[in-house]
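Novice: Could you have a look at this structure, given as structure tokens, before my questions?
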Amino acid sequence: MRVIATIEESHAHGATKDIYTNIERTLAVPFVGMVFRSLATREGVLEAVWPQIRRNIETQAFSDLAGQLRRNSEGAVETTLEFDDVFAWLGEHNFSREDVRHIRYALEMLHFVNSKLLLANAAMYVSLHNISNPKIVRSRPKEITKTEPQFPTRVSRVMLEQAPADTKEIFLDVMDAVRVPAIPDDFLMLAEWPTFLRRIWNDLRPAMHSPTFIDEAATLSALAIESAQELPYPISLENAGIDTRRIVDMFQSFYPMVSLATAAVRWMVIEGERVNRSIGRAAGEAGFGQG
């Protein structure tokens, strides 16, 4: 099974390690997105592009536009796609409250950062393809004024080489679904709970191959490309090689699919918890996960 080449955090040294630390600090998440880990394999590319992306990330416009992408993915999941509630399933299969808290933390973190990674990649995509819509006006470069969530706690990733056979089978299915030779960090993290991963994949697998899901991902990608043209600072990728273009093009397909998939899993857990709490209140009892 061949996957996109990356430089993982544990193997980063020198300038790459410094940039990785800055990426984590800037995005307020304890890992480096796969697009950056992949660009790091191309000499000088990450060093050239990251300062330009960071400049945008540190503006209110980037935060607002990423938030809109996040809400769009939520809306697609809630109104267009159909998924089961798995919250009750967690209780029935002896997941502890601590397990559920860790799963929810991972989902909230991934849901938060996926929209930012999608927007950052779209900014590079716009540059590489010379996309310019004269009707779109760039936002003013104002610093972030709204409080954003922080995710300081690391979540383990089950890498392909460490995964048991049934998890590797899921990873192979996931790569087929996202149509990119990469296993999303989302699934690498959720593989920490293999029975949960198997349960959600039973719902996600057919959904991600459906025309509706594929259309929603294309819509999200198009919105990200439009949003990238609103960012205060354009990205310049002069003399970018074919390999860099190939990486960015792949991730422009990858991140919309992953954003929707994670939004779906988040909905499957959180909506189920909301219903559980409502039923518990109506019955005067504490539902699973309460307390």
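Novice: Could you work out what % of the accessible surface of region 78-170 is carbon and sulfur, using a 1.4 angstrom probe and leaving DNA, RNA and ligands out of the count?
Specialist: Of the solvent-accessible surface of region 78-170, carbon and sulfur hold 46 percent.
Novice: Return the FRET efficiency for the residue pair ARG154, HIS129: r is the Cβ-Cβ distance, R0 is 41 Å, and the value is rounded to the nearest 0.05. Don't skip to the answer; put the middle values down first.
Specialist: Numbers: r = 35 Å, r/R0 = 0.85.
After rounding to 0.05, the efficiency reads 0.70.
Novice: Something else: Divide by every residue of the chain the summed helix terms, -39500 (n - 2.57) for each DSSP H run of at least 4, and state the resulting mean residue ellipticity at 222 nm, rounded to the nearest 500 deg cm²/dmol.
Specialist: Values: 11 runs with 186 residues, N = 291.
Per the formula, -21500 deg cm²/dmol.
Novice: Step through the residues of region 159-166 one at a time and calculate ³J(HN,Hα) from phi using the Karplus curve (6.51 cos²θ - 1.76 cosθ + 1.60, θ = phi - 60°), rounding each to whole Hz and writing x for Gly and Pro.
Specialist: 6, 3, 5, 8, 6, x, 4, 5
Novice: Can you run phi through the Karplus equation (6.51, -1.76, 1.60; θ = phi - 60°) for region 135-152 and list ³J(HN,Hα) in whole Hz, with x for Gly and Pro?
Specialist: 7, 9, 9, 5, 6, 6, x, 8, 5, 5, 10, 8, 6, 10, x, 10, 10, x
Novice: Moving on. Where the only charges are on Cβ atoms (+1 Lys, Arg; -1 Asp, Glu), what is the dipole of the chain about its Cα centre, to the nearest 20 debye?
Specialist: On the way: 31 positive and 38 negative charges, 141 e Å.
Rounded to the nearest 20 debye, it is 680 debye.
Novice: Then there's this: Percentage of Cα-Cα pair distances in the chain greater than 32 Å, rounded to whole percent?
Specialist: Details: 10363 of 42195 pairs.
That fraction is 25 percent.
Novice: Kirkwood hydrodynamic radius, computed over distinct alpha-carbon pairs, for region 59-186: how many Å, to one decimal?
Specialist: Values: mean 1/r = 0.0556 Å⁻¹.
Hydrodynamic radius (Kirkwood, Cα pairs) of region 59-186 is 18.0 Å.
Novice: Separate question: Residues with beta-carbon under 13 Å from that of ALA123, excluding ALA123: net charge, scoring Lys, Arg +1 and Asp, Glu -1? Don't skip to the answer; put the middle values down first.
Specialist: Numbers: positive: ARG54, ARG55, LYS116, ARG138; negative: GLU226, GLU230.
Residues close to ALA123 contribute a combined charge of +2.
Novice: Starting from the Cα gyration tensor of region 161-262, take the square roots of the eigenvalues, sort them a ≥ b ≥ c, and report rounded, prolate or oblate (rounded when a/c is under 1.5, otherwise prolate if a/b is larger than b/c, else oblate).
Specialist: Prolate is the answer for region 161-262, as a/c is 1.5 or above and a/b outweighs b/c.
Novice: Using only the alpha carbon atoms of region 1-99, find the Kirkwood hydrodynamic radius as the inverse mean reciprocal pair distance, in angstroms to one decimal. Numbers along the way, then the final one.
Specialist: Details: mean 1/r = 0.0600 Å⁻¹.
Mean inverse Cα-Cα distance, inverted, gives 16.7 Å.
Novice: Per residue, how large is the accessible surface of the chain? Use a 1.4 angstrom probe and give square angstrom. If you can, show how the numbers build up before the last one.
Specialist: Values: 13760 Å² over 291 residues.
Per residue, the chain has 47 Å² of solvent-accessible surface.
Novice: Sort HIS111, HIS209 from largest to smallest accessible area, using a 1.4 Å probe on the heavy atoms of the protein chains.
Specialist: HIS209, HIS111
Novice: Between beta-carbons, use under 11 Å as the cut-off and find the net charge around ILE23, counting Lys and Arg +1, Asp and Glu -1.
Specialist: +2
Novice: Would you list, by chain and number, the lysines whose Cα falls below 16 Å from the Cα of LYS116, excluding same-chain residues fewer than 8 positions away?
Specialist: By straight Cα distance, LYS116 reaches LYS146.
Novice: Now a separate question. Cβ under 11 Å from MET208's Cβ, MET208 left aside: what net charge do those residues give with Lys, Arg +1 and Asp, Glu -1? If you can, show how the numbers build up before the last one.
Specialist: Values: positive: ARG179, ARG205; negative: ASP173, ASP176, ASP203, GLU216.
That sum, taken over residues with Cβ under 11 Å, equals -2.
Novice: Karplus couplings for region 188-197 from phi (6.51 cos²θ - 1.76 cosθ + 1.60, θ = phi - 60°), rounded to Hz, Gly and Pro as x?
Specialist: 4, 6, 5, 5, 4, 10, x, 5, 5, 4
Novice: Something else about it: List the aspartates and glutamates whose alpha-carbon lies under 15 Å from that of LYS17, not counting same-chain residues fewer than 8 positions away?
Specialist: Partners found: GLU8, GLU9, GLU43, GLU47.
Novice: Hey, what D do you get for region 122-188 in µm²/s if you plug the Kirkwood alpha-carbon radius into Stokes-Einstein at 10 °C and 1.306 mPa s? If you can, show how the numbers build up before the last one.
Specialist: Values: Rh = 16.3 Å.
My calculation gives 97 µm²/s for D.
Novice: Keeping every protein chain in place, order THR80, THR219 by accessible area at 1.4 Å, biggest value first, i.e. largest first.
Specialist: Result of the area sort, largest leading: THR219, THR80.
The values are calculated or read from the model by the stated rules, or taken from the named source; none is laboratory data. This structure is a prediction, so every number in the text was calculated from the model and none was measured. Counting neighbours? That spans all protein chains shown, and the Cβs are built from the backbone with ideal geometry, glycine included. The area values use the complete protein model at the heavy-atom level, side chains included, leaving out ligands, DNA and RNA. Shrake-Rupley method; radii C 1.70, N 1.55, O 1.52, S 1.80 Å.
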